[in-house]
1. Inside the stretch 16-47, can you point out the residues that are in a loop (DSSP other than H, G, I, E, B), over 24 Å from Ser205 (Cα atoms) and in contact with a helix residue (DSSP H, G or I) (Cβ under 8 Å, 6 or more places away or on another chain)?
2. Can you pull out every residue in the stretch 95-116 that is closer than 30 Å to Asp56 by Cβ, polar (S, T, N, Q) and open to solvent by 70 Å² or more (accessible area, probe 1.4 Å)?
3. Among what's in the stretch 175-228 and is farther than 16 Å from Leu16 by Cβ, of a type in the set (S, T, N, Q) and in a loop (DSSP other than H, G, I, E, B), pick the residue that is nearest to the chain's Cα centre (by Cα).
4. Consider only pairs whose beta carbons are under 9 Å apart and that are at least six residues apart or on different chains; among these, list those whose first residue lies in the stretch 123-141 and is touching a residue at least 24 places away in the same chain (Cβ under 8 Å) and aromatic (Phe, Trp, Tyr) and whose second residue is open to solvent by 20 Å² or more (accessible area, probe 1.4 Å) and outside any strand (DSSP E or B).
5. Scan the stretch 182-228 for residues that are among the β-branched types (Val, Ile, Thr), out of contact with any Gly (no Cβ under 9 Å at 6 or more places or on another chain) and closer than 26 Å to Asn120 by Cβ and jot them down.
6. Please work out which residue is least open to solvent (accessible area, probe 1.4 Å), limiting yourself to the stretch 192-216 and to residues that are of a type in the set (S, T, N, Q) and either over 14 Å from Ser14 (Cβ atoms) or touching a Pro at 6+ places or on another chain (Cβ under 7 Å) (or both).
7. Please determine whether any residue of the stretch 5-20 is open to solvent by 40 Å² or more (accessible area, probe 1.4 Å), at pLDDT 90 or above, of a type in the set (Lys, Arg) and within 18 Å of Ile178 (Cα to Cα).
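The values are calculated or read from the model by the stated rules, or taken from the named source; none is laboratory data. These figures come from a predicted structure and were not determined experimentally. Because the Cβ atoms are built from the backbone with ideal geometry, glycine has one as well, and the counts that use them run over all protein chains shown. Ligands, DNA and RNA are stripped out before the accessible areas are found, and what is left, the full protein with its side chains, is counted by its heavy atoms. Shrake-Rupley method; radii C 1.70, N 1.55, O 1.52, S 1.80 Å.
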Amino acid sequence: RISPSHVQHVDPSSFLRISLLKQGSMVHLPDLENQLPQHSFLPSQIASKFSVVENDLQKLFPQSFKNPRTKDAIQSTLIYCNTPPLKEEIQSCVKSLEDMVEFAKTATGNNHLVALTSKNTKGSGKDLIVGQMKKLKFGKTVSCHELFLPFSTYFCHLLSKTEVYAVDVLEPKTKIPINTVTVICHMDTSDWSPNHVAFKVLKTSPGQSEACHWISQNDLIFISQEDN
(Lines give C-alpha, C1' and ligand atoms only; values in the text may rest on other atoms or scores of the structure.)
Protein backbone atom coordinates (compact mmCIF):
# COMPACT_ATOMS: atom_id res chain seq x y z
CA ARG A 1 0.00 0.00 0.00
CA ILE A 2 1.40 3.34 -1.00
CA SER A 3 -1.68 5.48 -1.50
CA PRO A 4 -5.18 5.16 -0.07
CA SER A 5 -7.39 3.16 -2.43
CA HIS A 6 -9.99 5.93 -2.44
CA VAL A 7 -7.63 8.41 -4.15
CA GLN A 8 -9.02 8.99 -7.61
CA HIS A 9 -6.41 11.29 -9.18
CA VAL A 10 -2.89 9.95 -9.38
CA ASP A 11 0.08 10.75 -11.61
CA PRO A 12 0.17 7.97 -14.24
CA SER A 13 3.98 7.93 -13.94
CA SER A 14 3.91 7.30 -10.19
CA PHE A 15 3.90 3.49 -10.58
CA LEU A 16 5.88 1.45 -13.08
CA ARG A 17 7.14 -2.03 -13.97
CA ILE A 18 10.77 -3.09 -13.59
CA SER A 19 10.94 -3.66 -17.35
CA LEU A 20 10.67 0.11 -17.86
CA LEU A 21 13.94 0.64 -15.98
CA LYS A 22 16.23 -0.89 -18.62
CA GLN A 23 19.24 1.20 -19.58
CA GLY A 24 18.35 3.48 -22.50
CA SER A 25 14.61 3.40 -21.85
CA MET A 26 12.64 6.65 -21.75
CA VAL A 27 10.81 7.32 -18.50
CA HIS A 28 8.65 10.16 -17.26
CA LEU A 29 9.79 11.17 -13.80
CA PRO A 30 6.88 12.20 -11.57
CA ASP A 31 7.05 15.27 -9.35
CA LEU A 32 9.38 14.26 -6.53
CA GLU A 33 8.95 17.48 -4.55
CA ASN A 34 7.09 17.53 -1.26
CA GLN A 35 3.42 18.34 -1.92
CA LEU A 36 2.49 18.62 1.76
CA PRO A 37 2.82 21.69 3.99
CA GLN A 38 6.08 21.93 5.92
CA HIS A 39 5.61 20.28 9.30
CA SER A 40 7.85 19.18 12.13
CA PHE A 41 7.84 15.99 14.15
CA LEU A 42 6.48 16.22 17.65
CA PRO A 43 8.85 15.58 20.57
CA SER A 44 8.56 11.92 21.51
CA GLN A 45 7.35 12.81 25.03
CA ILE A 46 4.33 14.62 23.56
CA ALA A 47 3.70 12.17 20.71
CA SER A 48 3.44 9.28 23.15
CA LYS A 49 0.53 10.89 25.02
CA PHE A 50 -2.13 10.54 22.29
CA SER A 51 -3.17 8.26 19.44
CA VAL A 52 -3.81 8.93 15.76
CA VAL A 53 -7.59 8.84 16.17
CA GLU A 54 -10.12 11.57 15.44
CA ASN A 55 -11.19 12.26 19.03
CA ASP A 56 -7.63 12.87 20.22
CA LEU A 57 -6.73 15.04 17.24
CA GLN A 58 -9.92 17.09 17.48
CA LYS A 59 -9.18 17.94 21.11
CA LEU A 60 -5.57 18.91 20.40
CA PHE A 61 -6.03 20.64 17.01
CA PRO A 62 -9.63 21.95 16.88
CA GLN A 63 -8.80 24.62 14.28
CA SER A 64 -7.71 21.97 11.77
CA PHE A 65 -11.20 20.45 11.86
CA LYS A 66 -12.96 23.77 11.21
CA ASN A 67 -11.50 24.04 7.70
CA PRO A 68 -13.31 21.55 5.40
CA ARG A 69 -10.19 20.90 3.29
CA THR A 70 -7.88 20.11 6.19
CA LYS A 71 -10.62 18.13 7.93
CA ASP A 72 -11.09 15.93 4.85
CA ALA A 73 -7.32 15.46 4.51
CA ILE A 74 -7.00 14.48 8.16
CA GLN A 75 -9.88 12.02 7.91
CA SER A 76 -8.29 10.43 4.83
CA THR A 77 -5.08 9.98 6.81
CA LEU A 78 -7.01 8.41 9.69
CA ILE A 79 -8.67 5.92 7.33
CA TYR A 80 -5.29 5.01 5.95
CA CYS A 81 -3.59 4.65 9.34
CA ASN A 82 -6.40 2.46 10.68
CA THR A 83 -6.77 0.15 7.69
CA PRO A 84 -5.83 -3.42 8.70
CA PRO A 85 -2.40 -4.51 7.43
CA LEU A 86 -1.95 -6.78 4.46
CA LYS A 87 -0.87 -10.37 4.96
CA GLU A 88 2.75 -10.40 6.25
CA GLU A 89 2.73 -6.58 6.48
CA ILE A 90 3.93 -4.76 9.60
CA GLN A 91 2.74 -1.16 9.78
CA SER A 92 2.53 1.93 11.97
CA CYS A 93 1.75 5.63 11.68
CA VAL A 94 4.59 7.33 13.53
CA LYS A 95 4.41 10.81 15.07
CA SER A 96 8.04 11.36 16.07
CA LEU A 97 11.49 10.69 14.63
CA GLU A 98 12.25 8.41 17.57
CA ASP A 99 9.12 6.39 16.84
CA MET A 100 10.11 6.06 13.19
CA VAL A 101 13.59 4.76 13.95
CA GLU A 102 12.32 2.44 16.67
CA PHE A 103 9.63 1.02 14.38
CA ALA A 104 12.20 0.38 11.63
CA LYS A 105 14.48 -1.43 14.07
CA THR A 106 11.67 -3.53 15.52
CA ALA A 107 10.10 -4.42 12.16
CA THR A 108 13.40 -5.49 10.60
CA GLY A 109 14.77 -7.04 13.78
CA ASN A 110 18.01 -5.15 13.18
CA ASN A 111 19.58 -2.19 14.99
CA HIS A 112 21.98 -1.46 12.12
CA LEU A 113 19.99 0.34 9.43
CA VAL A 114 20.77 2.62 6.51
CA ALA A 115 18.29 5.40 5.58
CA LEU A 116 17.79 6.05 1.86
CA THR A 117 15.95 8.57 -0.25
CA SER A 118 16.33 9.99 -3.76
CA LYS A 119 19.39 12.18 -4.35
CA ASN A 120 17.30 15.30 -5.05
CA THR A 121 14.20 16.39 -6.97
CA LYS A 122 15.93 17.39 -10.23
CA GLY A 123 14.18 16.15 -13.35
CA SER A 124 10.74 16.16 -11.74
CA GLY A 125 7.99 16.05 -14.34
CA LYS A 126 10.36 15.50 -17.28
CA ASP A 127 10.99 12.75 -19.82
CA LEU A 128 14.43 11.28 -19.10
CA ILE A 129 16.63 8.39 -20.16
CA VAL A 130 17.49 5.54 -17.78
CA GLY A 131 21.23 5.21 -17.24
CA GLN A 132 22.91 2.83 -14.83
CA MET A 133 20.62 0.89 -12.48
CA LYS A 134 21.93 -0.78 -9.33
CA LYS A 135 19.93 -3.30 -7.31
CA LEU A 136 20.63 -2.77 -3.62
CA LYS A 137 21.34 -5.75 -1.39
CA PHE A 138 19.68 -5.82 2.00
CA GLY A 139 17.92 -8.07 4.48
CA LYS A 140 14.60 -6.33 5.13
CA THR A 141 13.25 -2.92 4.23
CA VAL A 142 10.87 -0.45 5.86
CA SER A 143 9.43 2.32 3.70
CA CYS A 144 7.92 5.47 5.22
CA HIS A 145 5.55 7.83 3.42
CA GLU A 146 4.47 11.20 4.77
CA LEU A 147 0.76 11.77 5.40
CA PHE A 148 -1.25 14.88 6.18
CA LEU A 149 -1.82 15.78 9.83
CA PRO A 150 -1.21 19.04 11.77
CA PHE A 151 2.27 17.67 12.57
CA SER A 152 4.72 15.50 10.64
CA THR A 153 3.35 11.96 10.42
CA TYR A 154 4.60 9.00 8.41
CA PHE A 155 3.00 5.73 7.44
CA CYS A 156 5.80 3.18 7.80
CA HIS A 157 5.48 -0.43 6.75
CA LEU A 158 7.46 -3.55 6.03
CA LEU A 159 6.44 -5.86 3.22
CA SER A 160 8.21 -9.06 2.21
CA LYS A 161 9.44 -9.65 -1.35
CA THR A 162 10.64 -6.10 -1.89
CA GLU A 163 13.45 -4.91 -4.15
CA VAL A 164 15.17 -1.51 -4.09
CA TYR A 165 17.09 0.12 -6.95
CA ALA A 166 19.24 3.21 -7.39
CA VAL A 167 18.45 4.51 -10.89
CA ASP A 168 20.49 7.14 -12.74
CA VAL A 169 18.39 9.33 -15.06
CA LEU A 170 19.92 11.33 -17.91
CA GLU A 171 18.97 14.27 -20.10
CA PRO A 172 17.74 12.67 -23.37
CA LYS A 173 19.73 14.75 -25.87
CA THR A 174 23.00 15.37 -24.04
CA LYS A 175 23.00 12.21 -21.87
CA ILE A 176 24.12 14.43 -18.98
CA PRO A 177 23.28 12.85 -15.58
CA ILE A 178 20.31 14.60 -13.96
CA ASN A 179 19.63 12.62 -10.81
CA THR A 180 19.94 9.30 -9.00
CA VAL A 181 16.46 8.26 -7.95
CA THR A 182 15.58 5.47 -5.56
CA VAL A 183 12.89 3.06 -6.74
CA ILE A 184 11.18 0.47 -4.56
CA CYS A 185 9.44 -2.53 -6.11
CA HIS A 186 6.85 -4.64 -4.32
CA MET A 187 7.20 -7.99 -6.03
CA ASP A 188 4.13 -9.70 -4.55
CA THR A 189 0.85 -7.79 -4.95
CA SER A 190 -1.47 -10.79 -4.59
CA ASP A 191 -2.95 -9.54 -1.28
CA TRP A 192 -3.43 -5.92 -2.36
CA SER A 193 -6.88 -4.45 -2.81
CA PRO A 194 -8.12 -4.66 -6.44
CA ASN A 195 -8.94 -0.94 -6.07
CA HIS A 196 -5.35 0.04 -5.28
CA VAL A 197 -4.23 2.97 -7.43
CA ALA A 198 -1.19 1.00 -8.64
CA PHE A 199 -3.44 -1.38 -10.57
CA LYS A 200 -5.27 1.53 -12.18
CA VAL A 201 -1.97 2.99 -13.36
CA LEU A 202 -0.40 -0.30 -14.45
CA LYS A 203 -3.66 -1.68 -15.89
CA THR A 204 -3.21 -4.93 -14.04
CA SER A 205 -4.67 -6.69 -11.00
CA PRO A 206 -3.49 -8.28 -7.73
CA GLY A 207 -0.75 -10.86 -8.19
CA GLN A 208 -0.35 -10.24 -11.92
CA SER A 209 2.68 -7.94 -11.68
CA GLU A 210 5.06 -6.18 -9.38
CA ALA A 211 4.38 -2.54 -8.47
CA CYS A 212 7.34 -0.17 -8.41
CA HIS A 213 7.33 3.49 -7.44
CA TRP A 214 9.79 6.34 -7.20
CA ILE A 215 10.90 7.58 -3.79
CA SER A 216 9.97 11.26 -3.50
CA GLN A 217 11.43 14.06 -1.40
CA ASN A 218 9.28 13.22 1.61
CA ASP A 219 9.72 9.43 1.49
CA LEU A 220 12.30 7.40 3.40
CA ILE A 221 13.50 3.83 3.17
CA PHE A 222 15.34 1.99 5.94
CA ILE A 223 17.29 -1.08 4.87
CA SER A 224 18.89 -3.63 7.15
CA GLN A 225 22.04 -5.59 6.53
CA GLU A 226 21.67 -8.40 4.04
CA ASP A 227 20.63 -11.73 5.52
CA ASN A 228 23.37 -14.33 5.68
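1. Once the filter is applied, which keeps residues that are in a loop (DSSP other than H, G, I, E, B), over 24 Å from Ser205 (Cα atoms) and in contact with a helix residue (DSSP H, G or I) (Cβ under 8 Å, 6 or more places away or on another chain), the stretch 16-47 yields only Phe41.
2. The answer is Thr106, and nothing else.
3. Within the stretch 175-228, the match that is nearest to the chain's Cα centre (by Cα) is Asn218.
4. Phe138/Gln225; Phe138/Glu226; Phe138/Asp227
5. Thr182, Val183, Ile184, Val197, Val201, Ile215, Ile221
6. Here the answer is Ser209.
7. Among the residues of the stretch 5-20, not one is open to solvent by 40 Å² or more (accessible area, probe 1.4 Å), at pLDDT 90 or above, of a type in the set (Lys, Arg) and within 18 Å of Ile178 (Cα to Cα), which makes the answer no.
Let's see how each residue does on (1) at pLDDT below 95; (2) within 30 Å of Glu54 (Cβ to Cβ); (3) surrounded by fewer than 17 Cβ atoms within 10 Å (Cβ to Cβ); (4) in contact with a strand residue (DSSP E or B) (Cβ under 9 Å, 6 or more places away or on another chain):
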| position | (1), (2), (3), (4) |
| --- | --- |
| Ser118 | yes, no, no, yes |
| Gly125 | yes, no, yes, yes |
| Ile129 | no, no, no, yes |
| Phe138 | yes, no, no, yes |
| Phe148 | yes, yes, no, no |
| Lys161 | yes, no, yes, yes |
| Asp168 | no, no, no, yes |
| Glu171 | no, no, yes, yes |
| Ser190 | yes, no, yes, no |
